[in-house]
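The values are calculated or read from the model by the stated rules, or taken from the named source; none is laboratory data. What you are looking at is a predicted structure, and each value in this text was computed from that prediction instead of being measured. Cβ: placed from backbone, ideal geometry, glycine included. Neighbour counts: every protein chain shown. Just the protein is used for accessible areas: all its heavy atoms, side chains included, with ligands, DNA and RNA removed. Shrake-Rupley method; radii C 1.70, N 1.55, O 1.52, S 1.80 Å.
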Amino acid sequence: MSNCLFCKIAAGEIPSNTVYEDEVCYAFHDIAPQAPTHFLVIPKAHIGSVSEVTADNSGTVAHIFEVIAKLAKEQNLESYRVVSNIGEQAGQSVFHLHFHVLSGRDMTWPPG
Ligand code: AMP
């Protein structure tokens with residue numbers, strides 16, 4: 001999508017701090033970390049949010065969760081949170097599907 005920040009990051013047109021990359025997804029450090037570990041995992045192909053996940057693209061989402069599990073193991077994250085905000089009221093500010101991976105501090109539930 002031409003005017004999408006995360007499409008541009010995935011394409012390398014805007015710099016980011018890479019955590020992991022393959023043909024399907026890209027992981028990079030959040031620019032405003034909310035925990036000692038805070039990275040984002042995004043599909044390279046544009047999907048607006050979880051609301052746009054369908055039978056045609058759910059394989060990409062499954063792959064992203066495999067990558068999250070692998071990265072968490074590699075980084076020895078014993079306890080972590082995976083978050084995806086959908087819509088402005090829930091806190092979504094970038095309208096390209098992304099999963100926050102947060103770890104390294106106590107977290108409360110329910111979230112604010
Ligand atoms: P959300 O608010 O759930 O849509 O999450 C968007 C996230 O993207 C926020 O945590 C931002 O800090 C992060 N973010 C925005 N711009 C960038 C950027 N250029 N590089 C890395 N992370 C970013």
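Taking all protein chains together, 71, 77 sort by accessible area into 77, 71, largest first [probe 1.4 Å]. Gain on full extension, evaluated as 0.36 nm per residue between residue 45 and residue 22 minus their Cα-Cα distance, stands at 7.1 nm.
Residue order by solvent-accessible surface for 20, 80, 26 is 80, 20, 26, largest first, with ligands and nucleic acids left out and a 1.4 Å probe. Annotation: lysines with alpha-carbon distance below 24 angstrom to residue 8 (same-chain offsets under eight excluded): 44. Rounded to the nearest 20 debye, the dipole magnitude of the stretch 1-55 is 120 debye, with +1 charges on Lys and Arg beta carbons, -1 on Asp and Glu beta carbons, and the Cα centre as origin. Average accessible surface for the chain: 60 Å² per residue, computed with a 1.4 Å probe over protein heavy atoms with every protein chain in place. log₁₀ I(q)/I(0) of the stretch 9-64 at q = 0.17 Å⁻¹, via Debye over equal Cα point scatterers, no solvent, to two decimals? Calculated log10 I(q)/I(0) at the listed q: -0.59.
Largest first, the extents of the alpha carbon coordinates of the chain on the three principal axes equal 38, 31, 29 Å.
Heavy-atom surface analysis with a 1.4 Å probe gives the chain a carbon and sulfur content of 52 percent of its accessible area. By a 1.4 Å probe calculation restricted to protein chains, residue 39 has an accessible surface near 0 Å², given to the nearest 10.
Compared with the direct C-alpha span, the chain from residue 70 to residue 34 gains 10.8 nm at full extension, assuming 0.36 nm per residue.
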